[in-house]
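Nothing in this text is a laboratory measurement; each read-out follows from the coordinates by a stated rule. Keep in mind it's a predicted model, so treat the numbers as computed, not measured. As a convention, Cβ positions derive from the backbone with ideal geometry for all residues, glycine included, and neighbour counts pool all protein chains shown.
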Amino acid sequence: MAEGETESPGPKRRGPYISSVTSRSVNLMIRGVVLFFIGVFLALVLNLLQIQRNVTLFPPDVIASIFSSAWWVPPCCGTASAAIGLLYPCIDRHLGEPHKFKREWSSVMRCVAVFVGINHASAKVDFDNNIQLSLTLAALSIGLWWTFDRSRSGFGLGVGIAFLATLVTQLLVYNGVYQYTSPDFLYVRSWLPCIFFAGGITMGNIGRQLAMYECKVIAEKSHQE
């Protein structure tokens, strides 16, 4: 460059650190929003199923109960789904053992289908008593973990989520927010922890798949730069 000449102004490129932080922050927010809406959708479908089978009791009108008196159910489930879906890949990174078992969307969709089937069984299949139903759903839930997860961290988080969610549900029913028909585990059904466990594994798999997609996008951008 000759003396007296100045470098032509142009768009400044961000450093790799700032670019990485910005990309990850945006992708984290996008993943959280996607997980939230997936949780809301599943909550609407599964809650409608439970109400129609008289497993949970809200005020009379089914549609009205979903969108008025039980309006808080989908947002709560969506928030929980986002937290669970973001937590699973975070724990994987923290342990230094990225989850790579059956990492494709077709497997995730099958996992969702099995979870919906387990929930459907809890509402529709008739057993002689709740203990038999609970043992059957427990076996199905563990089978779901073994088929689509098979990690110790996934199992541990699933158990923790089931315990915490069951405790919160017990408190809600105790305070009269809603109720279960024929409760046999304090104020709820004994199979409820199995549903929460399966739901945690399902949302964890969705969260892991979204995180893996994010890693691919960031890697491609870094390679192009």
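Per-structure values
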{"item": "Long-range HN-HN contacts of GLN179 with modeled amide H, under 5 Å", "result": "LEU57"}
{"item": "Separation in nanometres of the label points that stand 7 Å from Cα toward Cβ, at GLN132 and PHE163", "result": "3.1 nm"}
{"item": "Residues PHE37 and LEU95, FRET efficiency given R0 of 25 Å [Cβ-Cβ distance, rounded to 0.05]", "result": "0.30"}
{"item": "Cα-projected label distance for ARG152 with TYR174, points at 7 Å along beta-carbon direction, nm", "result": "3.3 nm"}
